[in-house]
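Note sheet for the following structure.
Coordinate-derived values only; no laboratory data. All figures in this text were calculated on a predicted structure; none of them were measured in a lab. Neighbour counts run over all protein chains shown; Cβ positions are idealised from the backbone, glycine included.
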């Protein structure tokens, strides 16, 4: 990466000035201005020259440049039309030999369903306000993914990686576990961003895996998860009453799945949620 000129704080701000860009809260933009943090993200992600990376929210391109140097290709998905249009020029200026590795998609990542090159890795500095939906959407849409590393708000990182039984285990934890093994991969301070956010960030690593073996569909399992955590202080017998049709029916299904009706949602693994959905006949799409 020595021959790729990564952005530092002053250079990134200068590039933004050239483009007439200011970070906007509308799209949760906090640009990384520290080259060492960028290098750390790429190193921790484990990408190599065999990987086709999808990056969401490349912004001014600080992470994109480093990804291009480490991967076979990078598909950058950017909702901001001005930033999307400027990204190829930025790469041409900073690392011309890598320009042919980049493809840019001017799109909302939550609407993304296909890329020209199926991605094998997902690496991104995600906007805080859409981090969890984007992660779940890409894991669903791209079964070719073999690895992933994202930088998100620290609280979100902790929730995504939480295990059953943890007080912060919830909907994001259980749904992410359907797709992948999720682990925290370090903390990131506030000063590496422009503008600096009011919270610390965290790195989260994803190792995609096969979903639990079940006759129930993913949607059916996710419906149970949503219901279980909608009233997380209640027992599963009470929390799942509306989903099942009655508290009595909820108890029957829970016992059939070998789950204590008086347990709470945060104690169940995704495998147990799948078993419960299967008992309820959740084979819809």
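Structure data summary
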read-out	value
Degrees between helix 131-141 axis and first principal axis of the chain (Cα, 0 to 90, nearest 10)	80
Relative contact order, percent, the chain [alpha-carbon distance under 8 Å, six or more residues apart]	15
Cβ-based exposure ranking for 31, 273, in which fewest neighbours within 10 Å come first	31, 273
Degrees separating the helix 35-45 axis from the principal Cα axis of the chain, which is the longest one	40
Length-normalised contact order of segment 218-279 in % [C-alpha pairs under 8 Å, at least 6 apart]	36
Segments 17-23, 200-206, 96-102 sorted - mean Cβ within 10 Å per residue, highest first	200-206, 96-102, 17-23
Listed residues 107, 228, 11, most fluctuating in the chain (Gaussian network, C-alpha, under 10 Å)	11
Peptides 160-167, 71-78 ordered by average Cβ neighbours within 10 Å, highest first	71-78, 160-167
Residue order, fewest to most beta carbons within 10 Å, for 223, 267	267, 223
Rule-of-thumb Rg ratio for the chain [Cα; 2.2 N^0.38 Å; N residues]	1.10
Nearest 10 degrees, 0 to 90: helix 81-94 Cα axis against the chain principal axis	50
Sum of -39500 (n - 2.57) over DSSP H runs of 4+, divided by residues of the chain (222 nm, nearest 500)	-11500 deg cm²/dmol
